[in-house]
Amino acid sequence: MKIVLLGYGRMGHLIEKLARETGYEVLSAIHTANAEKIRAHTYEEAEVLIDFSLPDAALQFIPRFLKAGVPVVSGTTGWKDGELDYLKKVAAEEHTALLYAPNFSVGVNVFFALNEYLAEIMQNVEGYDVSLEETHHIHKKDAPSGTARALAEQILARNKKKMRWVNSKSERPEELEIISKREDEIPGTHVISYQSDYDRITLWHEAFSREGFARGALLAARWIIGKEGIFTMNDVLGIKKK
């Protein structure tokens, strides 16, 4: 598998390391210092682009790879309204593939499925209020995390009492509270709580290292080669939505 990396931060470095250990070829890593030096043959040789950058860089480079027929796996978060939809539109128009996931950890994607299932059950149960908490390392730039946003959107789609999420404490019953914490070098912890006056139901996912995210991205990259369409990690893992 011939890979181009977009974004060369901690995740980019780790993906490169694991890819080379697996026997994959990393053709290039696009980052701020070399972004204007990417040559045409990079697009011609690449079998897949793995993106862990920022929205501005993703919007600049992902369409170029899609138009060159290169499938894209993207884990960038912090999109503004319509930006991700634009990339999906380009992929559809170019008859290639885009796989987006706010989190590539296999465990987190099982966690997503459990969150949806629990939200379905709890929408008809009286007396419980739901809230989210996410904790990440101090270097993380966006808050709440892309994973927390995705979890919140899953809940909002099923909970008629919650109208929107807020990234703060809230006393308003129509607001879904997301508390973001930034501590030390924590890779990522997400907690969903349904609490009543008498008890609490909790879903908890804790990452021990970033390696789970990187291996999930490589799994998705291998899976998407030769495909056409818009995909998520559910497709990679065979998780069927209700």
Selection of chymotrypsin sites (Phe, Trp or Tyr not before Pro), region 168-223, meeting DSSP coil and at most 14 other Cβ within 10 Å = Y198, F208
query = Helix 211-224: angle to the longest alpha-carbon principal axis of the chain, degrees 0 to 90, nearest 10?
reply = 60 degrees
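Normalising by the residue count of region 106-206, find the relative contact order in percent from Cα pairs under 8 Å and 6+ residues apart.
On the way: 174 pairs, mean separation 35.4, N = 101.
Relative contact order of region 106-206: 35 percent.
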message = Below 15 Å, Cα to Cα, which aspartates and glutamates can K88 reach? Residues fewer than 8 away in the same chain don't count.
response = D51, E228
message = Just to confirm the number: angle between the C-alpha axis of helix 146-156 and the first principal axis of the chain, 0 to 90 degrees, nearest 10?
response = 50 degrees
task = Under a 10 Å cutoff between Cα atoms, tell me which one of N109, N124, N167 has the largest fluctuation in the Gaussian network model of the chain.
result = N124
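Based on the Cβ-Cβ distance of I225 and W204, what FRET efficiency does E = 1/(1 + (r/R0)^6) give at R0 = 30 Å, to the nearest 0.05? The partial results should precede the final answer.
Working: r = 34 Å, r/R0 = 1.14.
That gives a FRET efficiency of 0.30.
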request  = Could you tell me how many degrees, from 0 to 90 and to the nearest 10, lie between the Cα long axis of helix 55-67 and the main elongation axis, the longest principal axis, of the Cα atoms of the chain?
outcome  = 50 degrees
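Here, each number is a calculation from the coordinates, and none is a lab measurement. Bear in mind that the values here come from a model prediction, so they are computed numbers and not experimental data. Positions of Cβ are backbone-derived with ideal geometry, glycine not excepted, and every protein chain shown enters the neighbour counts.
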